[in-house]
Amino acid sequence: MSAPHTPESFWANVKKQPSGCWEWQGCTNVPNGYGLVRWDRKQRVTHRVAAFISGMIVDVKAPPNKQDKTHVLHTCDNKLCCNPDHLYLGSYSDNLRHAYKTGLKKPACGEHANSKLTALKVRQIFTKRRQGQPRASVANQFGISKAMVDKIAQGNAWKHITKEFLA
């Protein structure tokens, strides 16, 4: 049986940087870059454990839903940072807004190499359907499925573009 994790053992794996960030020096999640630690018998992201140890949150477990305002977010945009002064609480949506605003996350719509559509094409699809062109015809013109044409025309896909028409 392994020794239980304590706040002392956790902070022993953190190195204070001149930037003010307290960077996790242990295990990391390779695909997303967050620090990982075994805490309360489960693998946890380190910034959440830091928030728990510092009293910012009362439950180390990940929030049960995306609307919950107990997601632990970074002000410094450093995924390894565990400094409680660089952490704040927000929702999943708050986190996404921050990521887009700071450029950590880029919108995939039309900018992704595999995307068939651009904002201009989505506007054209929306207009053609509103003018009564059959969805099969529109789908063939743009090389997409009839279902995608419907989703765009109904405002259920590419919402950031179609909302211009539905407002």
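We did not get these values from a lab; they are worked out from the coordinates using the rules stated. All figures in this text were calculated on a predicted structure; none of them were measured in a lab. In this analysis, Cβ positions are derived from the backbone assuming ideal geometry, glycine residues included, and neighbour counts consider all displayed protein chains.
Given Cα pairs under 8 Å that are at least 6 residues apart, what percent is the relative contact order of the chain?
Relative contact order of the chain: 13 percent.
If we count other beta carbons within 10 Å of each Cβ, what is the order of E8, E164, fewest first?
With the sparsest Cβ surroundings first, the list reads E8, E164.
Explain nothing, just the number: relative contact order of segment 7-102, from Cα pairs under 8 Å at least 6 residues apart, as a whole percent.
25 percent
Out of A119, A51, A99, any idea which swings most in a Gaussian network model of the chain, alpha carbons joined below 10 Å?
The residue with the greatest mean-square fluctuation here is A119.
Among C76, C81, C27, rank each residue by its count of other Cβ atoms within 10 Å, from fewest to most, as a rough exposure measure. Write out the running numbers ahead of the final one.
Details: C76 16, C81 25, C27 13.
Listing C76, C81, C27 from fewest to most nearby Cβ atoms yields C27, C76, C81.
Using 26 Å as the Cα-Cα cut-off, could you pick out the over-long pairs in K105/K159; K105/K163; K69/K101; K69/K159; K66/K121?
Distance filter (> 26 Å) returns K66/K121.
In debye, nearest 20, what is the charge dipole magnitude of segment 7-102 about its Cα centre with +1 on Lys and Arg Cβ and -1 on Asp and Glu Cβ, if you could check?
Dipole size: approximately 240 debye.
In the chain, if the dipole is taken from +1 on Lys/Arg beta carbons and -1 on Asp/Glu beta carbons about the Cα centre, which of L36, S93, I53 is farthest to the positive end?
Checking the options against the dipole of the chain, the answer is S93.
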